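Below is one structure, written out as structure tokens; the observations come after it.
The values are calculated or read from the model by the stated rules, or taken from the named source; none is laboratory data. Keep in mind that this is a model prediction, so the values were computed, not measured. Using ideal geometry, Cβ is built from the backbone for each residue, glycine included, and neighbour counts are taken over all protein chains shown.
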Amino acid sequence: MTSMKERLEEAKNTMEILSKEYPRLQSPFGVLKRHAVEEDGALPAKIKKMIALAIALADGCEWCIAIHTKGALEAGATKDELIEAAYVAVLMAGGPALTHICKLLEAIDEFSQD
């Protein structure tokens, strides 16, 4: 079984490859990600990272769950806040999102040990 830390590394490696090989395409995505999720704006970055996490859970993307769980924790989100955000995903996406909470719990455990 692949750990969430390994999923995070896979995602980072893929983004690095794309940045080097396809900068014209990848660079605008990085700018959008920075402005949309990583910086405070009308919403604090912590809230935006939890929104991104909820969408990742709804979509079932393990790489995105790893990225946004780590980011939300680093932005100061608590486990309880992340679980509430996860249940918003469950409300909107149903049972499949509920099953992906196991990956969120793994990510919280792994990234909280850093």
Inset, instruction - Select from region 23-38 the residues that are charged (D, E, K, R) and under 11 Å from Ala75 (Cβ atoms) and list them in ascending order. - result: Glu38
Inset, instruction - Filter region 68-94 for residues that are farther than 16 Å from Asp109 by Cβ, aliphatic (A, V, I, L, M) and either out of contact with any Lys or Arg (no Cβ under 8 Å at 6 or more places or on another chain) or in contact (Cβ under 8 Å) with a residue 40 or more places away in the chain (or both) and give the result. - result: Ala85, Val88, Ala89, Val90, Leu91, Met92, Ala93
Legend entry - Check on Ile67, within 14 Å of the chain's Cα centre (by Cα) and part of a helix (DSSP H, G or I): yes
Inset, instruction - Answer with yes or no whether Leu105 is out of contact with any Phe, Trp or Tyr (no Cβ under 6 Å at 6 or more places or on another chain), surrounded by fewer than 18 Cβ atoms within 10 Å (Cβ to Cβ) and assigned to a helix (DSSP H, G or I). - result: yes
Legend entry - Residue list for region 96-114, filter: charged (D, E, K, R) and touching a residue at least 24 places away in the same chain (Cβ under 8 Å): Lys103, Glu106, Glu110
Inset, instruction - Evaluate region 73-94: report whether one residue or more is part of a helix (DSSP H, G or I) and touching a Gly at 6+ places or on another chain (Cβ under 9 Å). - result: yes
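Kindly indicate which of Thr2, Thr14 is at pLDDT below 95, over 11 Å from the mean Cα position of the chain (by Cα), of a type in the set (Ser, Thr, Tyr) and surrounded by fewer than 16 Cβ atoms within 10 Å (Cβ to Cβ).
Thr2
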Legend entry - Test: residue in region 21-43 that is free of Cβ contacts under 8 Å to residues at least 40 places away in the same chain, of a type in the set (Ser, Thr, Tyr) and within 24 Å of Glu110 (Cα to Cα): no
Legend entry - Every residue from region 34-64 that is of a type in the set (D, E, K, R), in contact with a helix residue (DSSP H, G or I) (Cβ under 9 Å, 6 or more places away or on another chain) and assigned to a helix (DSSP H, G or I): Glu38, Lys46, Lys48, Lys49, Asp59, Glu62
Inset, instruction - Tell me, please, whether a residue that is in contact with a helix residue (DSSP H, G or I) (Cβ under 6 Å, 6 or more places away or on another chain) and loosely packed, with under 14 Cβ neighbours inside 10 Å can be found in region 70-78. - result: yes
Legend entry - Condition check for Thr99: of a type outside the set (A, V, I, L, M, F, W, C), assigned to a helix (DSSP H, G or I) and surrounded by fewer than 18 Cβ atoms within 10 Å (Cβ to Cβ): yes
